[in-house]
1. Could you tell me how many of the residues in segment B:195-227 are touching a residue at least 60 places away in the same chain (Cβ under 8 Å) and over 19 Å from B:PRO78 (Cβ atoms)?
2. Based on what the data block shows, is B:VAL331 hydrophobic (A, V, I, L, M, F, W, C), surrounded by fewer than 24 Cβ atoms within 10 Å (Cβ to Cβ) and within 14 Å of chain A (Cβ to nearest Cβ)?
3. Output the number of residues of segment A:91-117 satisfying the condition of being closer than 21 Å to B:MET324 by Cβ, surrounded by 18 or more Cβ atoms within 10 Å (Cβ to Cβ) and either of a type in the set (D, E, K, R) or touching a residue at least 40 places away in the same chain (Cβ under 8 Å) (or both).
4. Anything in segment B:292-308 that is buried (at least 23 other Cβ atoms within 10 Å of the Cβ) and closer than 17 Å to B:GLU214 by Cβ? List them, or say none.
5. Please work out if B:LEU337 is more than 14 Å from chain A (Cβ to nearest Cβ), under 21 Å from B:PRO254 (Cα atoms) and touching a Pro at 6+ places or on another chain (Cβ under 9 Å).
6. Under 9 Å by Cβ, and 6 or more places apart or on different chains, what pairs join a residue from segment B:1-20 that is at positive phi with one that is of a type in the set (A, V, I, L, M) and surrounded by fewer than 10 Cβ atoms within 10 Å (Cβ to Cβ)?
7. Can you work out which of the residues in segment A:12-36 that are polar (S, T, N, Q) and facing chain B (nearest Cβ under 10 Å) is nearest to B:HIS166 (Cα to Cα)?
8. Scan (1) basic (Lys, Arg); (2) touching a Leu at 6+ places or on another chain (Cβ under 8 Å); (3) not in a helix (DSSP H, G or I) for the single condition A:LYS112 breaks and write down its number.
Amino acid sequence: MLQDKYKGEIDDILARYPVKRSALLPLLYMAQREQGYVTEAAMQEIAGILRLTPPQVYETATFYTMLNLKPVGKFHLQVCKSLMCALVGSDTLIGWISAKLGIKPGETTPDKLFTLSIVECLAACGTGPMMQVNDDYYERLTEEKLDRILADLRQTGTCSLKTGPFMWPEPQKA
Amino acid sequence: MPAYEPILLKNMLQPGYAGSLTEYERAGGYQAIRKVLGKVSPADVTAVVMKSGLRGRGGAGFPTGVKWGFLPKDYQGPRYLCCNADESEPGTFKDRQLIERDPHQLLEGMLLACYAIGAASSYIYIRGEFVLGAKILEQAINEARAAGYVGKNIFGSNTSIDIWVHRGAGAYICGEETALLESLEGKRGLPRVKPPFPATHGLYNKPTVVNNVETLANLPHILNRGAEWFASIGSPPKSTGTRVFCVSGHVARPGNYEVPMGITFRELIYEQAGGMRSDKQLKAFIPGGASAPFLTPDHLDVKLDFESVALAGSMLGSGGVTVMEEGTDMVWAALRLMEFFYHESCGKCSPCREGSSWLVQIMRRIVNKRGRMSDLETLTDLCKNIAGRTVCAFGDAEVSPILSTLKHWRHEYVAMIHAAEAANLIRPEPVGTKH
């Protein structure tokens, strides 16, 4: 139960808004952080906290693509395929990932480690091709970089190639 | 290459600048709010912004001071400021840089705007994918709160302003200001029917102003250096100041370039962004994000200001300039953007919801060599029945890639259809599309 575990954080979120329903997205994110996706039980509980009906929670949750209503792998690879990235090779990147992991877009590897999703513009158009893995951006990807990212994620759960705070072109070194 | 004085990117262009409160203060930060709070009346702040000619940097280019002026003067209840950090127009990546590299510049701009419109609470609606940006903003707000810039009774001026970060969750439409408000209220991000406008019935039905990140980031500089100074930059009287243009696609040095409005596309693409990435010539460019109609090499000498780009048949929009080289298939390019709009249509208005699906199906059919000549007429007809017939500007935006490529590169569509006719493959009627 979110309420037992995160009482303080929930109160803190609720205090920001004059109307409780505004806390819906933050609480759905909390539920997703807890279990990797938003479960029906969590939506029920959130409805109770915010004094909404479960359908009100569900209607909002189903609108937003970043809320996973189904389990995803430990690392959710989201590759941008919008025009700006496509011009600089996002389709090739998707092909590499598919081949290396043996999964098609929308699928998860049998070991539940990687899910591959194709998404629309992530606002990194000057540094494509790019992908987001969970919370992190990886930009200006090449096959070598991709190999290292996948290997690092497997071994350590993170990779130093992640980018940001973002600035491109980078400031000149002094 | 002419060098221009950077305004918004000035701090972050200093080597080693990391955007902390101390660094921002050392660079002259938070002077504007100190100068203004309790000393200059909110109406005078609005007057300065109006005089500066600052126009919204999110896409529509509406004069910021005028927008603030729409708030009811005699209303006693709460008012709100929302910072639109939903940056989701394909081709645009400036707000991300302004947020992650110099968050206090944005916060000071928000404080000034809150003071001018009399808002005690403000929200930064940041797109959900910017997890790092949201963290950086939270940290910056905590720093500013500890230093007394944010919170109750700021510097004993009797003014209280609070700022909170609110993360979106992956919907393009939430960059539309009324959809943003709906989303902030915990609902599906469906744009509202206007009027009433947010100025009178905004967040929680209270008077609200929604301003873009770049717009707000300009405010400290305008208040520090004066409306005349700002109005002298760029292409006065209608397009004043600089803009951070985001150059992407087939250029040698893609990235964010801050230049005064009114320079030409040729200068931006060939001097700032280093020209084309290879020997291939420029074939097409999009001047202001995915919603802006495509332009051709004939338009390279068009000036980058609101009026000139509109006159050339497109729009300056969000400042996202995407360049395509010779050899790029324009039908394919239009399809890619159309797939984006199809995916992001919120589903509220039938012409957009159904029309975007039909447009994608017909475009796919043409690209897959199954098209027929009558498709071109159907496309045009559909586009004309979507544009202007929806609650928000999305309907006008989604038809621009197809209509503009049909206008400038119709022969490519025709060649594809001729190839289809020659191959004589089975031509299915459009029946359904998967996301």
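1. 15
2. Here the answer is yes, as B:VAL331 does meet what is asked.
3. To start, the set of residues in segment A:91-117 that are closer than 21 Å to B:MET324 by Cβ comprises A:91-94.
Subset that is surrounded by 18 or more Cβ atoms within 10 Å (Cβ to Cβ): A:93-94.
Keeping just the survivors that are either of a type in the set (D, E, K, R) or touching a residue at least 40 places away in the same chain (Cβ under 8 Å) (or both) gives A:93.
The qualifying residues number 1.
4. Answer for segment B:292-308, where residues must be buried (at least 23 other Cβ atoms within 10 Å of the Cβ) and closer than 17 Å to B:GLU214 by Cβ: B:ALA292, B:LEU304, B:ASP305.
5. In short, no.
6. These pairs meet every condition: B:GLY16/A:ALA174.
7. Among residues in segment A:12-36 that are polar (S, T, N, Q) and facing chain B (nearest Cβ under 10 Å), the one nearest to B:HIS166 (Cα to Cα) is A:SER22.
8. With respect to (1) basic (Lys, Arg); (2) touching a Leu at 6+ places or on another chain (Cβ under 8 Å); (3) not in a helix (DSSP H, G or I), A:LYS112 is out only on (2).
The values are calculated or read from the model by the stated rules, or taken from the named source; none is laboratory data. Not measured: the values here are computed from a predicted model. Glycine also receives a Cβ, built like all others from the backbone with ideal geometry; neighbour counts cover every protein chain displayed.
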